Amino acid sequence: MSNPFLNQALAGDIKGTGTPALRIARPQGDGQTCLVDASGIFKTYRKGGREVPVLRGVDLTVRDGEFVAIVGQSGSGKSTLLHLLGTLDAPDQGIIQFEGHRIDILPASERDQLRNHAFGMVFQFYHLLPELTTLENVVLPTMISRGVWGYWRGKRELEARGMELLEAVGLAHRRTHRPRELSGGEMQRTAVARALMNRPRLLLADEPTGNLDTQTGQEIMKMLCSLKEREGLTIVMVTHDSQIARQADRVVRLVEGRVTQL
Amino acid sequence: MYRLLLCLRYLRTRYIALASIISVTLGVATMIVVNSVMAGFQQEMYHRLRGILADILIESHSMEGIANPEEVLVEVRNILKDDIAGLTTNVHVPAMISFRLGDQWQIRQVNLIGIQPESYSTVGDFGQYLLHPENRKQMDFVLRDKGYDERMNDRLDEAGWVHRRNRVVFEQAWERQESLRDLSPDASNADSEPMGLDSTEASEDIDSSPTSGSDPFGTASQLGPENVFDPSKEIHTGIVLGIGVVSVRQRNAAGQAQDFFLCRPGDDVKVTIPSAGAKPKPIHSNFTVVDVYESKMSEYDSNFAFMPLPELQSLRWYPGAKNVTSIQIKLRPEADLGAACQKLRDHFPAEIFRYRIETWRELQGPLFAAVRMETNLLNILLFLIIAVAGFGILATFFMIVVEKTRDIGILKSLGASSRGILSIFLSYGLCLGAVGSGVGLVLGLLFVANINRIANAIEYLTGHEVFDQTVYYFQEIPTIIHPITIGWIVAGAILIALLASVLPALRAARLNPVEALRYE
């Protein structure tokens, strides 16, 4: 992807950023510290009275600054694992730790804050809000963390940061467009910019290239790799495409609800 | 922040939701219009009743009435002291009024009231409802030359002495012609008489009714029996008739409501009342209409006839009688009506005096209660319409929540709390309610402000009169806007919209983000 802004914007110090009150320190990946640690994760779904076990004792450790790809067949539970890591769901059994703290048993409000400040999420179907413009979609995480007054006070700075992120993903000229006016790649770039808005420690990407053609998918991958390298951002990505997975530092395969290291 | 932004965006982009609150808008507008019009009617009625009725009425329904009114008045003055603003005595007698129109006798049943003009004007606005301006200044039972048409738009220009003299001339000519021909009256001539020009004959009746010249009671006529009554120069005792008694309100050729007078000031009428006694006998007497009473309360206008009190007392009982049937008391504005009435009741206990002592509110209680019930019923029905609209909002909201399932998942994955999601949809409902009832408020107020123009336009378009002036004695539809009522209506509508959004909002808030994200 021809993205002259990305490196520049993400590598340098982004100025004029409104830092959230509970801001977690900027990622300083050293490749040693354990950022996420999931052990003995069980998750079972109930469908029509029948129990469908999805995860059967998953153990996964992600070090700070690492780019981990989770691969597996459709239905192998990789998205479920990602949702558990992102506290969108709670495991039936097992412990998930983030920076040494258990996060699977946190109360809902703290999990909400964690998702807002520490995690950035990117989805296969981009998941932008159709009513909002590109820029509004990007600054949405700060809108969520701040009240009306807090947002208006910091509006200029926050929008400046949103614009910088949009510039970084090469979409500054599209800031007033609605998602339906963007192409798939552009939407996914917007989604990545949104995920970075609150300076997350961990980026969770669920099939980020799944809905894109190979070339566009590659552009997104380049962007993720560059984020990892330049920023030391920790990334956990789910994909079914082994070509894509190969670009990660480490690939984890989920088979029948268990992890197989490759 | 995102809550406000999304709420506003949804408001701007979901037209289906706006459509669902149209019924709220219409309900609010209708309620405002109905309440304003009802309040207007009520106020109008209240004012008119206040003008007609005194504050407290002491009535006796016995044949004798109150035989010693002077003593009772003294006691009333002693009891109420400074609270009294006006005091008068009346006699109410059911009576029959007959007058000639063409070759037919017209009969009306009235409530004949004997009044003292000076004191009667101290308890109500009686004088203000008379047609002649002089009588409005100072009521007197004398026939005026002319000038009865001031309020009637020239429809009563022929009235008073002028009319009386013309009629006498006409009648004399008619009689001469009759005697010359000695035949049945020329039918074409009789038919060609316009309705308005009545030929009521008083004393020189061709019917064998008693003439005033030989009035056996000697009361109505100002002449002795040996003198011949000259109707072109003299009148009988004056009587004031309600406009509904003497006229028919109909449409003229142009379709406007108009009063057609069957009998007008200057004409003579025959009054029949029952005498007081164990076996009431009819007492006939002739009167001359000296003015017409128009209070614009059709009940009173078509029932009331007023005449001087002493003459009625003499007719009903015996010459020189002082009996009255009711005492009317007007209190000072600051006086406590209920307390004053209670004092009177305590002093004139019902078991001894058999008086009925009531305030004007109690007397008109059924009327006010009926109007109130009508208003309440309308309000309940209209509010049900808004409540039905609430279910429309509920259904639409569920649709929107289902449609927005994925967006809700996204927001939750970005850290939005359940409460935040809840408040998006609640404030969305609130906004919809506010917009709906706001538009309804504006529509309703505009409608009320232009209600008469709208009524005219509808009348012009459909050819049907919306506000029938032959039924209502108002020139225009009266309206009053009570800000408190409107506040309640708007608040109620907003509350319904808010309540309707609670269930969908709860559903949205409880959505599992994982399920929601998977939703396509």
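Data table
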item	result
Test: residue in the range B:29-36 that is in contact (Cβ under 8 Å) with a residue 60 or more places away in the chain, within 25 Å of B:Asp125 (Cβ to Cβ), in contact with a helix residue (DSSP H, G or I) (Cβ under 7 Å, 6 or more places away or on another chain) and buried (at least 18 other Cβ atoms within 10 Å of the Cβ)	no
Residue satisfying all of: in the range A:84-104; in contact (Cβ under 8 Å) with a residue 60 or more places away in the chain and crowded, with 19+ Cβ neighbours inside 10 Å; nearest to the other protein chains (Cβ to nearest Cβ) among these	A:Gly86
Residues within the range B:12-60 that are within 14 Å of another protein chain (Cβ to nearest Cβ) and modelled with pLDDT of 90 or more, tallied	0
Test: residue in the range B:87-104 that is part of a loop (DSSP other than H, G, I, E, B) and either out of contact with any strand residue (DSSP E or B) (no Cβ under 6 Å at 6 or more places or on another chain) or closer than 28 Å to B:Glu334 by Cβ (or both)	yes
Some residue of the range B:381-399 being under 25 Å from B:Leu49 (Cα atoms) and surrounded by fewer than 17 Cβ atoms within 10 Å (Cβ to Cβ)	no
Breaking point among (1) away from chain A (no Cβ under 14 Å); (2) at negative phi; (3) not hydroxyl-bearing (Ser, Thr, Tyr), for B:Arg9	(1)
Test result for B:Leu499, at pLDDT 90 or above and either exposed (fewer than 14 other Cβ atoms within 10 Å of the Cβ) or away from chain A (no Cβ under 14 Å) (or both)	yes
Residue list for the range B:254-299, filter: hydroxyl-bearing (Ser, Thr, Tyr) and either buried (at least 21 other Cβ atoms within 10 Å of the Cβ) or in contact with a Pro (Cβ under 9 Å, 6 or more places away or on another chain) (or both)	B:Thr272, B:Ser275, B:Ser285, B:Thr288, B:Tyr293, B:Ser295
Qualifying residue in the range B:55-66 (condition: of a type outside the set (D, E, K, R) and part of a helix (DSSP H, G or I))	no
Qualifying residue in the range A:137-150 (condition: over 21 Å from A:Leu203 (Cα atoms) and away from chain B (no Cβ under 14 Å))	no
Flag for B:Gly65 being over 23 Å from B:Gly365 (Cβ atoms), surrounded by 23 or more Cβ atoms within 10 Å (Cβ to Cβ), not assigned by TED's automatic domain parsing to the domain that holds B:Ile421 and not basic (Lys, Arg)	yes
A:Leu132 closer than 21 Å to B:Arg3 by Cα, within 10 Å of chain B (Cβ to nearest Cβ), touching a residue at least 40 places away in the same chain (Cβ under 8 Å) and out of contact with any Pro (no Cβ under 7 Å at 6 or more places or on another chain)	yes
Those residues of the range A:105-123 which are surrounded by fewer than 19 Cβ atoms within 10 Å (Cβ to Cβ) and more than 9 Å from every other protein chain (Cβ to nearest Cβ), in sequence order	A:Ile105, A:Leu106, A:Pro107, A:Glu110
Verdict on A:Ile70 being within 14 Å of chain B (Cβ to nearest Cβ), touching a Leu at 6+ places or on another chain (Cβ under 7 Å) and closer than 26 Å to A:Lys228 by Cβ	no
When residues of the range B:415-447 are limited to those that are surrounded by 21 or more Cβ atoms within 10 Å (Cβ to Cβ) and outside any helix (DSSP H, G or I), the one farthest from the other protein chains (Cβ to nearest Cβ)	B:Ala416
Counted residues, the range B:392-413 - those being in contact with a Ser or Thr (Cβ under 9 Å, 6 or more places away or on another chain) and not small (Gly, Ala, Ser)	5
Some residue of the range B:277-294 being charged (D, E, K, R) and either free of Cβ contacts under 8 Å to residues at least 60 places away in the same chain or not assigned by TED's automatic domain parsing to the domain that holds B:His92 (or both)	yes
Condition broken by A:Thr209, with the remaining ones in (1) within 19 Å of A:Gly86 (Cβ to Cβ); (2) outside any loop (DSSP other than H, G, I, E, B); (3) away from every other protein chain (no Cβ under 14 Å) satisfied	(2)
Hits in the range B:272-324 - residues which are aliphatic (A, V, I, L, M), assigned to a strand (DSSP E or B) and over 27 Å from the mean Cα position of the chain (by Cα)	B:Ile273, B:Ile283, B:Val324
Residue selected from the range B:1-53 under the condition over 40 Å from the mean Cα position of the chain (by Cα) and among the β-branched types (Val, Ile, Thr), by the criterion nearest to B:Thr88 (Cα to Cα)	B:Ile16
The range B:362-379 residues that are over 13 Å from B:Val37 (Cα atoms), paired with ones that are modelled with pLDDT under 90 and buried (at least 16 other Cβ atoms within 10 Å of the Cβ) (beta carbon under 6 Å, 6 or more apart)	B:Gln364/B:Leu49
Residues of the range B:400-414 classified as more than 14 Å from every other protein chain (Cβ to nearest Cβ) and surrounded by fewer than 18 Cβ atoms within 10 Å (Cβ to Cβ), total	1
Options A:Glu164, A:Glu181; residue that is among the charged types (D, E, K, R) and at pLDDT 85 or above	A:Glu181
Residue list for the range B:299-335, filter: free of Cβ contacts under 8 Å to residues at least 40 places away in the same chain and hydroxyl-bearing (Ser, Thr, Tyr)	B:Tyr318
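The values are calculated or read from the model by the stated rules, or taken from the named source; none is laboratory data. Keep in mind the model is a prediction, meaning the values are calculated, not measured. Note that each Cβ is placed from the backbone with ideal geometry, even for glycine, and that neighbours are counted across all protein chains shown.
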